[in-house]
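The values are calculated or read from the model by the stated rules, or taken from the named source; none is laboratory data. Quantities reported herein were computed from a predicted structural model and do not represent experimental measurements. Using ideal geometry, Cβ is built from the backbone for each residue, glycine included, and neighbour counts are taken over all protein chains shown.
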Amino acid sequence: MFLNDFPKDIESYFKILKNSFGEGYTPLSIEDPWYFEKLKKIFTSLHPDEAIKRYRESKWSHLRTLYSLQLARSDKAVMDDLQTSHFLSVCGEDPDSRSYGQLPCTIKSIQSRVSIISSKVAKDSSILILGDDDALSVALAREGFTDITVFEIDEKIVKKLQSTLRDFPNTKHKVIQQDIFKETHSEFIRHYDLVAFDPWYAVDGVEAFIKCALKTCENVNPIIVLSFNCGALLEKFSELESYLRKVDYGIRTWSPLLNTYPMPNRLKFSIGLAEFTASLFSFKLIKPSTNRERIFFSSDLMILEHIGN
Ligand SMILES: C[S@@+](CC[C@H](N)C(=O)[O-])C[C@H]1O[C@@H](n2cnc3c(N)ncnc32)[C@H](O)[C@@H]1O
């Protein structure tokens, strides 16, 4: 059975999350849409990458809820040790290319992802990871998984993962510099039991990664482990399920906000700058909405399965 009660629109999604926080959810006190519009424009201009640029078109009321939900999680997230990413802890240096949308997740998030994957497939299953700034491959090798292939566009990440995975001689691992949009070398087209990825948070991001997964797997039905911030879809929320149905995939499980990502310093700085500048434009000094040490991103974890499975 697939999830029938996956929310159908952004309002229902937000409602479920707000209810789960109960008292812990407090809407941001900024009531001034004009201020928020300015804040949004300034912040998105400071970071014109695809992931952030699209917030320009979103309603301020939705963005305000999205932002408040992040803050509602901060107590739990601070305990997750938000300062250190898993990639940094195992590879010694963080990847940091926003041109590839990189945002490495916390150690705790990777532990949860590994335990979910372990509950779905055996240790000798073949795993394909598309984009690995989270160093999931290393965590899986450490857990005893023996057949891991990674496609990653960024040469620096590829080299780091290759050298870290050398410590696991019992794992058959291949880390390849590969753009998911380009043709896959025939050597890597084979059966994979499970494919994991964390695309950019838009339906075309999911689409691009699923296309690559399906053209690389000889089998038509790999399990897909998708890290994805459904909240970031905002007004386009319902398009995700429609797209999945088109490729015959259904949502088997949905773990809202399971992944957390430490916020890079330059993003924290831009939020501060945007808040300050927007308050100047509003001719009133508005108290910053957040304790910037507590700002982070989060995303949901979804298990997708082929409808015929
Ligand atoms: C897409 S990024 C994560 C995006 C993030 N969730 C967001 O929306 O801000 C995840 C990983 O995919 C890699 N990546 C990005 N574009 C890629 C491509 N065209 N081919 C292969 N890997 C890619 C990145 O280097 C990174 O390691």
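Remarks
- For residue 101, the conditions (1) in contact (Cβ under 8 Å) with a residue 24 or more places away in the chain; (2) on the phi < 0 side of the Ramachandran plot are fulfilled apart from (2).
- Test: residue 96 is within 19 Å of residue 216 (Cβ to Cβ) and either modelled with pLDDT of 95 or more or under 16 Å from the mean Cα position of the chain (by Cα) (or both): no
- Within segment 50-73, the residues that satisfy the criterion of being in a helix (DSSP H, G or I) and of a type in the set (D, E, K, R) are 50, 53, 54, 56, 57, 64.
Residue-wise test of (1) surrounded by 18 or more Cβ atoms within 10 Å (Cβ to Cβ); (2) small (Gly, Ala, Ser); (3) within 15 Å of the ligand (Cβ to nearest atom).
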{"site": "78", "(1), (2), (3)": "no, no, no"}
{"site": "92", "(1), (2), (3)": "no, yes, no"}
{"site": "103", "(1), (2), (3)": "yes, no, yes"}
{"site": "106", "(1), (2), (3)": "yes, no, yes"}
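- Any chance residue 157 is farther than 20 Å from residue 297 by Cα, within 16 Å of the ligand (Cβ to nearest atom), in contact with a Ser or Thr (Cβ under 6 Å, 6 or more places away or on another chain) and not assigned by TED's automatic domain parsing to the domain that holds residue 44: no
- Residues of segment 58-78 that turn out to be of a type in the set (Val, Ile, Thr) and closer than 24 Å to residue 41 by Cα, as a count: 1
- Beta carbons closer than 6 Å, at least 6 apart along the sequence or on distinct chains, never pair a first residue in segment 107-119 that is free of Cβ contacts under 8 Å to residues at least 24 places away in the same chain and closer than 16 Å to residue 129 by Cα with a second that is crowded, with 17+ Cβ neighbours inside 10 Å and among the hydrophobic types (A, V, I, L, M, F, W, C).
- Within segment 187-218, tally of residues that are more than 22 Å from residue 138 (Cα to Cα), away from the ligand (no atom under 11 Å from the Cβ) and buried (at least 20 other Cβ atoms within 10 Å of the Cβ): 1
- Odd one out for residue 222 among (1) at pLDDT 95 or above; (2) at positive phi: (2)
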